[in-house]
Amino acid sequence: MPTILAYVETRAGAVRKVGLEAVAAARATADAAGGGEVHALVVGAPGVGAAAGALGEDGADAVLVLEHPAFERYNPEATSAVVADRLTRGGYRLGLLGSSAQGRDLAPRVAGVLGVPVVTDVTALRLEGEDVVVTHPIDTGKVIATLVVRGTPALVALRPGAVAAGPAPRQPRVETIAAVGDPAATRVVTTELTLGTSTRLDLGDAPVIVSGGRGLRSAENFRLVEELAGAFGNAAVGATRAVTDEGWRPHSEQIGQTGRLVSPDLYVAVGISGAIQHLAGMRTSRTIVAINKDKDAPIFKVADYGIVGDVFEVVPALTAAVRAARSAS
Amino acid sequence: MKIAVCIKRVPVQEGRFAIAPSGTAIDEAGLKYDVNDFDLWAVEAALRLKEKAGQGEVVIVSLGPDAVQEQIRKALSMGADRGLQLRASAVPPDPFVVATALADALRGGGYDLILFGRVAVDDAFGATGAIAAHLLGLPCVTGISTLEIANGRGRARRELEGAQEVMEFPLPAVLTIDEGLNKERLPSLKGIMAAKKKPLEVRAATLAEPRVTVRRLELPAERAAGRIVGQGAAAVPELVRLLQTEAKVL
Ligand SMILES: Cc1cc2nc3c(=O)[nH]c(=O)nc-3n(C[C@H](O)[C@H](O)[C@H](O)COP(=O)(O)OP(=O)(O)OC[C@H]3O[C@@H](n4cnc5c(N)ncnc54)[C@H](O)[C@@H]3O)c2cc1C
């Protein structure tokens with residue numbers, strides 16, 4: 001029965017959703033292979049271990065906690081040494097991480113230390129004898145690859161939100177572990193962490209995303225997008241690269257290949273053409289609505305519902321109608 | 001400043017993708033190829049650092065079949081000094097194997113910086129640079145969108161989900177470049193002429209047995225055909241009705 005190590009990503013002392021997803025995916029993968037233990041690894045500054053007990057909710061049998069002031073911000077070299085060390089000692093079949101900015105950085109470092117294979121941006125996985133079989137979108141999502149990864153342990157970084165798993169709560173053992181070497185004596189040091197100031201829902205959590213493109217024409221006109229998002233009540237605001245390039249919105253709101261990959265229940269694309277790099281970040285949304293004045297815009301090929309029209313006319317009308325619909329229900 | 005930039009030849013992503021009859025490869029017919037966008041930003045970063053330093057050398061390295069010489073020449077026409085092709089019949093789908101071959105070729109080269117794009121848009125792993133850094137024993141920062149170099153040290157910013165972090169590191173180092181750092185220059189006519197005469201060395205790549213292999217490639221399931229609900233604001237009531245009764249998201 002496979003033992004799987006899940007790396008629980010934290011930021012500023014708090015566990016991130018991708019960290020919980022790694023634990024849940026490890027649970028589901030172990031269970032599908034006939035059971036086996038899931039160990040969650042939490043690395044951070046003193047205090048981070050407070051989150052340990054709750055990881056049982058996501059299916060961890062054991063939580064390994066390492067607290068040290070050198071892990072207050074992401075410490076790539078010391079963290080990769082710790083993850084590599086655990087993977088070699090614990091007889092693990094697999095190391096799972098989130099394919100976030102941190103996980104995409106950490107996974108290949110650990111692979112380098114251990115000399116084991118690594119794959120990132122994985123949307124599904126299962127164990128098959130000696131192999132790990134993974135699904136991984138390539139070519140900007142235009143092709144889906146099924147890959148066979150041979151190696152023990154193998155490192156797999158999972159696309160945020162892609163691997164759904166049901167609850168499998170248990171009471172985990174909590175163990176404290178020690179750092180490898182001096183975690184403060186690294187060459188690469190993270191000297192600053194700037195958290196977004198937005199009070200809005202994070203793009204990764206929002207059930208609805210209203211996203212604006214160059215068709216909005218100016219930063220001021222994004223008011224229309226904000227108002228529509230406000231009307232839904234549970235919506236976050238997204239943007240295309242054309243928009244972040246212009247500086248109308250911050251890069252943190254960019255959706256697509258070089259921005260966030262999102263999969264909300266509803267994605268409303270306002271004045272967005274639907275370039276392949278944008279589609280790569282949102283095409284798995286459950287329902288897509290597009291508003292564009294060009295009836296041939298590629299966004300209409302992925303949209304469930306389209307309105308051909310001027311955003312300056314359609315969006316205020318939609319905002320009013322959504323508000324009315326929500327206050328009626 | 002002696003800088004190496006590792007670049008990859010990738011299909012232009014706007015093309016029409018089809019799967020070859022083998023089921024494990026992309027049908028190359030009809031696709032156009034270019035330098036991976038992220039790698040172009042890495043080339044641009046190297047050229048600017050060399051220009052700022054007033055001296056130095058920018059070496060372009062690419063692993064793959066002879067066709068990659070076209071991409072190496074493009075980087076040379078932007079202003080890089082020389083090229084190195086690590087000849088292989090194909091680029092294996094295992095980033096560890098590619099990183100090992102690149103590290104072997106770069107080891108002992110005396111580079112102050114080794115740059116990669118953050119991710120190749122075709123294989124989409126973004127792992128090669130960090131693995132190569134480890135194999136070379138060099139510090140590494142991935143996915144950077146700003147870069148300052150002074151007095152043998154560097155400082156770079158990384159975009160996170162809804163946040164940013166700044167990392168500092170000593171040179172020599174390996175960096176992988178994200179969007180936002182720069183926009184690549186277009187090769188000038190003079191640059192294109194000059195590139196033809198620049199040295200391009202070819203060596204055989206030593207490739208280990210890949211541990212990541214392709215079982216199957218498929219085109220993604222098409223989204224069910226959507227519909228145009230209507231034109232202009234007049235279509236809004238019908239859209240709202242569909243969102244409520246059909247999509248059930250409102
Ligand atoms: C390596 C690489 C990575 C990239 N990564 C990303 C990424 O992560 N995210 C991303 O978004 N892009 C990305 N891009 C850029 C992408 O190719 C497109 O350039 C970009 O998505 C276009 O943004 P847009 O749709 O806002 O603008 P445009 O393509 O200019 O489209 C504007 C649309 O607005 C419509 N319009 C204009 N006025 C009105 C009006 N009054 N009413 C209604 N409709 C109107 C037009 O018909 C048009 O369809 C990337 C590109 C590369 C090469």
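More than 16 Å from the ligand (Cβ to nearest atom), closer than 30 Å to A:S252 by Cα, in contact (Cβ under 8 Å) with a residue 60 or more places away in the chain and more than 12 Å from chain A (Cβ to nearest Cβ): is that true of B:I149 in this structure? I'd like the intermediate steps shown before the answer.
Values: more than 16 Å from the ligand (Cβ to nearest atom): yes; closer than 30 Å to A:S252 by Cα: yes; in contact (Cβ under 8 Å) with a residue 60 or more places away in the chain: yes; more than 12 Å from chain A (Cβ to nearest Cβ): yes.
Judged against the criteria, B:I149 is a match.
Can you list the strands (runs of 3 or more DSSP E) found entirely within the range A:253-329 that contain at least 2 residues being farther than 28 Å from B:D37 by Cβ? Give the steps one after another, and end with the answer.
Values: elements: A:266-270, A:287-292, A:305-308.
Where strands (runs of 3 or more DSSP E) fall fully within the range A:253-329 and carry at least 2 residues being farther than 28 Å from B:D37 by Cβ, they are A:287-292, A:305-308.
Kindly evaluate A:L125 against the criterion of being farther than 30 Å from A:A275 by Cα, in contact (Cβ under 8 Å) with a residue 40 or more places away in the chain and buried (at least 23 other Cβ atoms within 10 Å of the Cβ). Working first, answer last.
Details: farther than 30 Å from A:A275 by Cα: no; in contact (Cβ under 8 Å) with a residue 40 or more places away in the chain: yes; buried (at least 23 other Cβ atoms within 10 Å of the Cβ): yes.
Here the answer is no, as A:L125 does not meet what is asked.
For A:Q171, indicate whether it is among the polar types (S, T, N, Q), in contact with a helix residue (DSSP H, G or I) (Cβ under 8 Å, 6 or more places away or on another chain) and more than 16 Å from the ligand (Cβ to nearest atom). Let's see the steps before the verdict.
Values: among the polar types (S, T, N, Q): yes; in contact with a helix residue (DSSP H, G or I) (Cβ under 8 Å, 6 or more places away or on another chain): yes; more than 16 Å from the ligand (Cβ to nearest atom): yes.
For A:Q171, the condition - among the polar types (S, T, N, Q), in contact with a helix residue (DSSP H, G or I) (Cβ under 8 Å, 6 or more places away or on another chain) and more than 16 Å from the ligand (Cβ to nearest atom) - is met.
Residues in the range A:262-279 that are within 9 Å of the ligand (Cβ to nearest atom) and within 19 Å of B:G162 (Cβ to Cβ): how many?
Adding up the residues that qualify gives 1.
Which of the following residues is at the interface with another protein chain (Cβ under 7 Å from one of its Cβ atoms) and not in a strand (DSSP E or B): B:A130, B:A120?
On the way: B:A120 fails: at the interface with another protein chain (Cβ under 7 Å from one of its Cβ atoms).
Only one candidate passes the filter, namely B:A130.
Can you give me the number of residues within the range B:3-16 that are within 16 Å of the ligand (Cβ to nearest atom) and surrounded by 15 or more Cβ atoms within 10 Å (Cβ to Cβ)?
Looking only at the range B:3-16, we keep the residues that are within 16 Å of the ligand (Cβ to nearest atom), and these are B:7-15.
Checking which are surrounded by 15 or more Cβ atoms within 10 Å (Cβ to Cβ) leaves us with B:7-11, B:13, B:15.
Final tally of qualifying residues: 7.
Within the range B:46-68, track down each residue that is surrounded by 13 or more Cβ atoms within 10 Å (Cβ to Cβ), without any contact (Cβ under 8 Å) to a residue 40 or more places away in the chain and part of a loop (DSSP other than H, G, I, E, B).
Restricting attention to the range B:46-68, the residues satisfying the condition of being surrounded by 13 or more Cβ atoms within 10 Å (Cβ to Cβ) are B:46-51, B:53, B:56-65, B:68.
Applying the additional criterion that residues be without any contact (Cβ under 8 Å) to a residue 40 or more places away in the chain yields B:51, B:65.
Once the filter is applied, which keeps residues that are surrounded by 13 or more Cβ atoms within 10 Å (Cβ to Cβ), without any contact (Cβ under 8 Å) to a residue 40 or more places away in the chain and part of a loop (DSSP other than H, G, I, E, B), the range B:46-68 yields only B:P65.
Would you point out which residue out of A:D304, A:D310 is near the ligand (Cβ under 9 Å from one of its atoms), of a type in the set (D, E) and in contact with a helix residue (DSSP H, G or I) (Cβ under 9 Å, 6 or more places away or on another chain)?
Values: A:D304 fails: near the ligand (Cβ under 9 Å from one of its atoms).
It is A:D310.
Taking the conditions exactly as written (away from chain A (no Cβ under 14 Å), touching a Lys or Arg at 6+ places or on another chain (Cβ under 7 Å) and either of a type outside the set (K, R) or within 16 Å of the ligand (Cβ to nearest atom) (or both)), does B:L63 satisfy them or not? Steps first, please.
Values: away from chain A (no Cβ under 14 Å): yes; touching a Lys or Arg at 6+ places or on another chain (Cβ under 7 Å): no; either of a type outside the set (K, R) or within 16 Å of the ligand (Cβ to nearest atom) (or both): yes.
So B:L63 fails the test.
Right, A:V315: within 14 Å of the ligand (Cβ to nearest atom), hydrophobic (A, V, I, L, M, F, W, C), modelled with pLDDT of 95 or more and buried (at least 21 other Cβ atoms within 10 Å of the Cβ) or not? Steps first, please.
Numbers: within 14 Å of the ligand (Cβ to nearest atom): yes; hydrophobic (A, V, I, L, M, F, W, C): yes; modelled with pLDDT of 95 or more: yes; buried (at least 21 other Cβ atoms within 10 Å of the Cβ): yes.
Here the answer is yes, as A:V315 does meet what is asked.
Quick one: in the range A:106-161, which of the residues that are assigned to a loop (DSSP other than H, G, I, E, B) and closer than 19 Å to B:G143 by Cβ is farthest from the other protein chains (Cβ to nearest Cβ)?
A:R159
Checking the conditions here, which among A:G91, A:G103 is at pLDDT below 95 and more than 8 Å from chain B (Cβ to nearest Cβ)? Explain how you work it out, then say what you get.
On the way: A:G103 fails: at pLDDT below 95.
Residue meeting the stated conditions: A:G91.
In this structure, is A:A297 free of Cβ contacts under 8 Å to residues at least 40 places away in the same chain and either within 9 Å of the ligand (Cβ to nearest atom) or among the acidic types (D, E) (or both)? Even if it seems obvious, please write down each step before you answer.
Details: free of Cβ contacts under 8 Å to residues at least 40 places away in the same chain: yes; either within 9 Å of the ligand (Cβ to nearest atom) or among the acidic types (D, E) (or both): yes.
Spelling it out, A:A297 is indeed free of Cβ contacts under 8 Å to residues at least 40 places away in the same chain and either within 9 Å of the ligand (Cβ to nearest atom) or among the acidic types (D, E) (or both).
Restricting the search to the range B:211-231, which residues are more than 30 Å from A:G115 (Cβ to Cβ) and either touching a Ser or Thr at 6+ places or on another chain (Cβ under 8 Å) or at the interface with chain A (Cβ under 7 Å from one of its Cβ atoms) (or both)?
Of the range B:211-231, the ones more than 30 Å from A:G115 (Cβ to Cβ) are B:218-231.
Correct list: B:E218, B:L219, B:P220, B:R223, B:G226, B:R227, B:I228, B:V229, B:G230, B:Q231.
Considering (1) without any contact (Cβ under 8 Å) to a residue 12 or more places away in the chain; (2) within 16 Å of the ligand (Cβ to nearest atom); (3) over 17 Å from the mean Cα position of the chain (by Cα), say which one A:V225 fails and leave the rest.
Here A:V225 meets the rest and fails (1).
So in the range A:26-49, with the set limited to residues that are among the small types (G, A, S) and closer than 24 Å to A:A81 by Cβ, which one is farthest from the chain's Cα centre (by Cα)?
Checking each candidate, the answer is A:G47.
Can you confirm whether A:V180 is among the hydrophobic types (A, V, I, L, M, F, W, C), in a helix (DSSP H, G or I), assigned by TED's automatic domain parsing to the domain that holds A:A14 and under 26 Å from B:A173 (Cβ atoms)? Let's see the steps before the verdict.
Numbers: among the hydrophobic types (A, V, I, L, M, F, W, C): yes; in a helix (DSSP H, G or I): no; assigned by TED's automatic domain parsing to the domain that holds A:A14: yes; under 26 Å from B:A173 (Cβ atoms): yes.
Judged against the criteria, A:V180 is not a match.
The values are calculated or read from the model by the stated rules, or taken from the named source; none is laboratory data. Note that the structure is a prediction, hence the values are computed from the model and not measured. As a convention, Cβ positions derive from the backbone with ideal geometry for all residues, glycine included, and neighbour counts pool all protein chains shown.
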